[in-house]
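Below is one structure, written out as structure tokens, with a few remarks after it.
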Amino acid sequence: MFYHDGKLQYEVKVDKPNPQFAKMLQQAIGGIEGEIKVCLQYFFQAWGARGPEKYRDMLLETATEELAHVELLSTAVALNLEGASNNLKDEMAKDPFLDQIMGGANPRHILSSGMAAMAVDSNGVPFNGSWVIGTGNLAADMYANVTAESAGRVLATRLWKSTDDKGMKDMLSFLIARDTMHQNQWLAVLEEIGGLKGNHPIPNSFPQEEENQNFNYNFISTHINGDSKAKGRWSEGTSIDGKGEFTFEKAVPQGKKPNLGMPDPAAFAQKEQMKSGESFIKSTLDKLK
């Protein structure tokens, strides 16, 4: 169950409405780096969490905070559109090429939402639920969360740099600070459950002796002439998990060229393909005689 008190987590002020900046803020709402993504990601990780209850509670509380961030940004979008509505409507009446006329503003902010935010990115592309990661493995999910918060913080800093509006800079500085905390929060979970050596390789519950021991710590260079500069900490010395030794090796094919059989007639390949397949089958049968 969720409750709402009607108040914003942080104050949102817009000194001068800017519909173009409202469009940019949409990326922080419905983009792949945005708040809807992390909100739903943490919720679904929490709802499927098994094990110590503290991780489920932490995810639920942070997901709910991220919902408050969607609210902040949606309010900021609406305020950036306020005061510009009449001018925008006048411009719309002059020319059908909305993007050019409105200087890059999103016409759907008028046509679809009535001067409000939407669950879309800055290009108007709807939020995509396939971006939400929840594996059921705590360590894997924490790395996904660190990545999400890192990308979100990069976006927020770029938005901060893109505006001179003091109110928007203030709100974004708050969101940037929360991204700092959340990056550290997920890293703290990883440290608590074992750190680099204890968590890796993920999942640490799979018996590592079952993996192919000839390929588990080799950096494989696919540079065609062997003159690769891709050498560093990952190509020599003890592995990060402390369970192997890194090596640098040139890629060598381990298998043969694939040789497929005749097409399934029900799939309606070309007759020429069928003949090729028949020839292959016949030659194979002849060899077995």
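Is it fair to say Leu196 is at pLDDT below 95 and out of contact with any strand residue (DSSP E or B) (no Cβ under 8 Å at 6 or more places or on another chain)?
Spelling it out, Leu196 is indeed at pLDDT below 95 and out of contact with any strand residue (DSSP E or B) (no Cβ under 8 Å at 6 or more places or on another chain).
Of all residues being among the hydroxyl-bearing types (Ser, Thr, Tyr) and touching a residue at least 40 places away in the same chain (Cβ under 8 Å) in the range 1-60, which is farthest from Ser162 (Cα to Cα)? Just the residue, please.
The qualifying residue farthest from Ser162 (Cα to Cα) is Tyr55.
If I filter the range 51-67 down to residues being under 12 Å from Val38 (Cβ atoms) and not acidic (Asp, Glu), which single residue comes out as surrounded by the most Cβ atoms within 10 Å (Cβ to Cβ)?
Leu59
Within the range 11-35, take every residue that is assigned to a loop (DSSP other than H, G, I, E, B) and of a type in the set (Gly, Ala, Ser) and give me the one that is nearest to Glu149 (Cα to Cα).
Gly34
Select from the range 154-173 the residues that are farther than 17 Å from Gln27 by Cα, surrounded by fewer than 18 Cβ atoms within 10 Å (Cβ to Cβ) and in contact (Cβ under 8 Å) with a residue 24 or more places away in the chain and list them in ascending order.
Within the range 154-173, the subset farther than 17 Å from Gln27 by Cα is 164-167, 170.
Narrowing further to those that are surrounded by fewer than 18 Cβ atoms within 10 Å (Cβ to Cβ): 164, 166-167, 170.
Within the range 154-173, Lys166, Gly167, Asp170 qualify.
Need the failing condition index for Ile176 against (1) touching a residue at least 60 places away in the same chain (Cβ under 8 Å); (2) assigned to a helix (DSSP H, G or I); (3) closer than 16 Å to Val70 by Cα; (4) not hydroxyl-bearing (Ser, Thr, Tyr), just the number.
Among (1) touching a residue at least 60 places away in the same chain (Cβ under 8 Å); (2) assigned to a helix (DSSP H, G or I); (3) closer than 16 Å to Val70 by Cα; (4) not hydroxyl-bearing (Ser, Thr, Tyr), the lone unmet condition for Ile176 is (1).
Where in the range 64-168 are there helices (runs of 4 or more DSSP H), lying fully within it, with 1 or more residues that are assigned by TED's automatic domain parsing to the domain that holds Gly30, touching a strand residue (DSSP E or B) at 6+ places or on another chain (Cβ under 8 Å) and at pLDDT below 95?
Per the criteria, 108-111.
Just checking, which of Phe206, Phe246 is within 30 Å of Pro52 (Cβ to Cβ) and at pLDDT 95 or above?
Phe206
Restrict the check to the range 36-58 and report whether at least one residue is within 25 Å of Gly124 (Cα to Cα), outside any helix (DSSP H, G or I) and in the same structural domain as Ala156 (by TED's automatic domain parsing).
Within the range 36-58, not a single residue is within 25 Å of Gly124 (Cα to Cα), outside any helix (DSSP H, G or I) and in the same structural domain as Ala156 (by TED's automatic domain parsing).
Enumerate the pairs (first residue in the range 210-236 and exposed (fewer than 10 other Cβ atoms within 10 Å of the Cβ); second residue anywhere and of a type in the set (D, E, K, R)) with beta-carbon separation below 9 Å, excluding pairs fewer than 6 apart on the same chain, so at least 6 apart or on different chains.
What qualifies is Thr222/Lys250; Gly226/Lys250.
The values are calculated or read from the model by the stated rules, or taken from the named source; none is laboratory data. Note that the structure is a prediction, hence the values are computed from the model and not measured. Reconstructed Cβ throughout: ideal geometry from the backbone, glycine too, with neighbour counts over all protein chains shown.
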